[in-house]
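Input: a single structure, listed below in structure tokens.
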Amino acid sequence: MRYLLERLDVLGEITKEDVLDLVIENITRLLSVVPATVNSPIDILHLGLPAVADLATNHRSQLQEIADRIKKIILTFEPRLQHVEVSLTDQSDPLNPFSLRINAQLVWQAQSIPVQFSLPASARKGE
């Protein structure tokens, strides 16, 4: 992830793809934080995800709770994305039956650009 001074030091024009890559890097970093206890008094910022090792990968309601938390984190900490929707999409892999799909509007240079990507961000698409 490039930090503020590194981003200011970039020469040339930054494209919307560059901005989206930075947004995805920021989201990935935000989600890698593990809070002490989710929804406890010390979970003040509601930052990060709980340990997901004990979740059943085929239990949609547990995964939906994670998706809802991801949406809150994005809305709180990533102002370049608006109108965020995080959804579970079915996959054919029985060991990984769902993936997280994020649809949002990327606000960049006075434009609102529809974007979508998966987490992890291997299947990113920007419109």
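The values are calculated or read from the model by the stated rules, or taken from the named source; none is laboratory data. Just so you know, these numbers come straight off a predicted model, no measurement behind them. Virtual Cβ from ideal backbone geometry, glycine too; neighbours counted across all protein chains shown.
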So how many residues does the stretch 47-73 have that are under 28 Å from LYS16 (Cα atoms) and at pLDDT below 80? 3
Within the stretch 80-114, can you find the residues that are assigned to a loop (DSSP other than H, G, I, E, B), in contact with a strand residue (DSSP E or B) (Cβ under 8 Å, 6 or more places away or on another chain) and over 16 Å from ARG60 (Cβ atoms)? ARG80
Any residue in the stretch 74-86 that's closer than 11 Å to VAL23 by Cβ: show its pairings with residues that are acidic (Asp, Glu) and modelled with pLDDT of 95 or more at Cβ separation under 7 Å, as long as the two are six or more apart or on different chains. none
Select from the stretch 84-98 the residues that are of a type in the set (Gly, Ala, Ser) and either buried (at least 17 other Cβ atoms within 10 Å of the Cβ) or at pLDDT 85 or above (or both) and list them in ascending order. SER87
Restricting to the stretch 58-79, give me the number of residues that are more than 17 Å from the chain's Cα centre (by Cα) and part of a loop (DSSP other than H, G, I, E, B). 2
